[in-house]
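Take a look at the structure below.
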Amino acid sequence: MKPSLWLPLCVSLAWACVDPRSFIGQGYSVADCFNRELGPTTRFAICLEAAEAGHAEAQYNLGVMYDEAQDVPLDFEEAVKWYRRAAEQGHTGAQGNLGIMYFGGWGIEGDSSKALMLLRNAAEKGHREAAYYLGYMYDNGHGAVKEDDAKAIAWFRRAADLGDHEAQYELGLKYSLGNGVSQDYAEAAKWYRLSAEQGDARAQFNLALMHDEGLGVPQDYGEAARWLERVAEHAESSFLKASAQFNLALMYHDGQGVLQDHTEAMRWYRRIVDEPRYKTSQNTRASAQHNIGVMYFRGEGVPQDYIQAHMWFNLAGGNGNKKSPEARDSVAKKMTPVQIAEAQHLAQEWRKEHGAIK
């Protein structure tokens, strides 16, 4: 008997009549693309099946998967392919993300005109990241877009109102500097705080400085220290993290906003200098080394130790701190030649292990 072929009864209605052997036919839905209770292989297969059948939301989700390396290797070109398919069906998220890809030239040749068109279309429908990128383009005169402060601020504000932390930070920066708007520290602090509460380390750092100086907010050293500690512990930018750590060390040393604690001050200074040299600025690292030398010289938070003080002043001076050579020479007057030789040897060994910045 000739075997019969399996054929769908209604090929034009992909979602009304599905292959029972498919994932969709087994009761899964597009929502399961990101169902973490399912394995990554199953999630991807569900998304792919739905996307290939023309489901815009699945196409968008598949684009996000490749764009953010969720369950699949990072692949911008593949992300662009699926964003484009969904965008052609009017999917706002896909239009916004495709615009971002054109903006940065990720997975596709950069094109500021196409980016502008797609981003504006998505932003007008409430896509917050698209609104932020439009603000960035007008703020910086990106590509074919001419610099326009008014449009930049308008799009940043729209994105900020939608909760975009980067746009909130940019508005805070503009109000604090009076860039394109009247300088208004209270308004700057408002936007910095909204961004900071979402974890933006730049906003956290600037908000700490505003509390430290009483700009737009009541002067509050304790509040400044709390924001600095968040940056010092969690900032992705090593330079920003080191700056926060240095300021926090000063506050613990002086008891400003926190209980005076020289041991804690030393701990923060050591975190700066113990980082690989390329992760901290030369000035911050040299200043921390100098202050460690001062603390060893005075016996603050550590036992008084002229050899250690000499070593740290030597290191700081070699990295450009102008106060350190004089401080090193002063402590040398209290040391024997043998002690000075030992301090110099320790400094040399430190440089071998950690490297000189220069």
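Coordinate-derived values only; no laboratory data. All values reported here derive from a predicted model rather than from experimental measurement. So basically every Cβ, Gly included, is an ideal-geometry build from the backbone, and we count neighbours across all protein chains shown.
Worth a mention:
- Gain upon complete extension [residue 336, residue 260; 0.36 nm per residue less C-alpha separation]: 24.0 nm
- Segment residue 300-residue 53, length gained on full extension (0.36 nm per residue, minus Cα span): 81.9 nm
- A simple charge model with +1 on the Cβ of Lys and Arg, -1 on the Cβ of Asp and Glu and nothing else charged puts the dipole of the chain at about 740 debye relative to its Cα centre.
- Per residue of the chain, the DSSP helices (runs of n ≥ 4 H) give a summed -39500 (n - 2.57) that works out to -20500 deg cm²/dmol at 222 nm.
- Applying both filters, DSSP loop and at most 15 other Cβ atoms within 10 Å, to the chymotrypsin sites (Phe, Trp or Tyr not before Pro) of segment 85-134 gives 106.
- Leading residue at positive end of dipole, the chain (Cβ point charges), from 136, 284, 92: 284
- Listed pairs 114/151; 81/151; 146/174 exceeding 22 Å between Cα atoms: 81/151
- Against the main long axis of the alpha-carbon atoms of the chain, helix 185-196 sits at an angle near 70°.
- Cα gyration tensor shape for the chain, rounded if a/c is under 1.5, else prolate or oblate: prolate
- For segment 246-358, lysine pairs separated by 8 or more sequence positions, or belonging to different chains, with Cα-Cα distances below 23 Å total 10.
- Cα gyration tensor, segment 144-215 - rounded (a/c under 1.5), prolate or oblate: oblate
- Cβ-based charge dipole, the chain, positive-most Cα from 332, 108, 126: 332
- Highest mobility in the GNM of the chain, judged by mean-square fluctuation with C-alpha springs under 10 Å and restricted to 346, 173, 98, is found for 346.
- Extending 7 Å from the Cα toward the beta-carbon at both residue 68 and residue 323 defines two label points whose distance is 4.6 nm.
- Cα-based shape type of segment 81-153, given that a ≥ b ≥ c are square roots of the gyration tensor eigenvalues and the cut on a/c is 1.5: oblate
- Spin-label pair residue 345/residue 84, simplified geometry with 7 Å Cα→Cβ offset, distance in nm: 6.8 nm
- Candidates per trypsin sites (Lys or Arg not before Pro) in segment 106-151, loop by DSSP, up to 16 other Cβ within 10 Å: 125, 146
- Computed extension length for residue 282-residue 31: 85.3 nm, one decimal, from 0.36 nm per residue of separation with the Cα-Cα distance subtracted.
- Between the Cα long axis of helix 238-254 and the first principal axis of the chain there is an angle of about 40°, rounded to the nearest 10.
- Degrees, to the nearest 10: 337-354 long Cα axis against longest axis of the chain: 10 degrees
- The trypsin sites (Lys or Arg not before Pro) of segment 185-283 include none that meets both criteria, a DSSP state outside H, G, I, E and B (loop) and at most 15 other C-beta atoms within 10 angstrom of the site's C-beta.
- FRET efficiency estimate (nearest 0.05) - Cβ-Cβ, residue 226 to residue 140, R0 30 angstrom: 0.35
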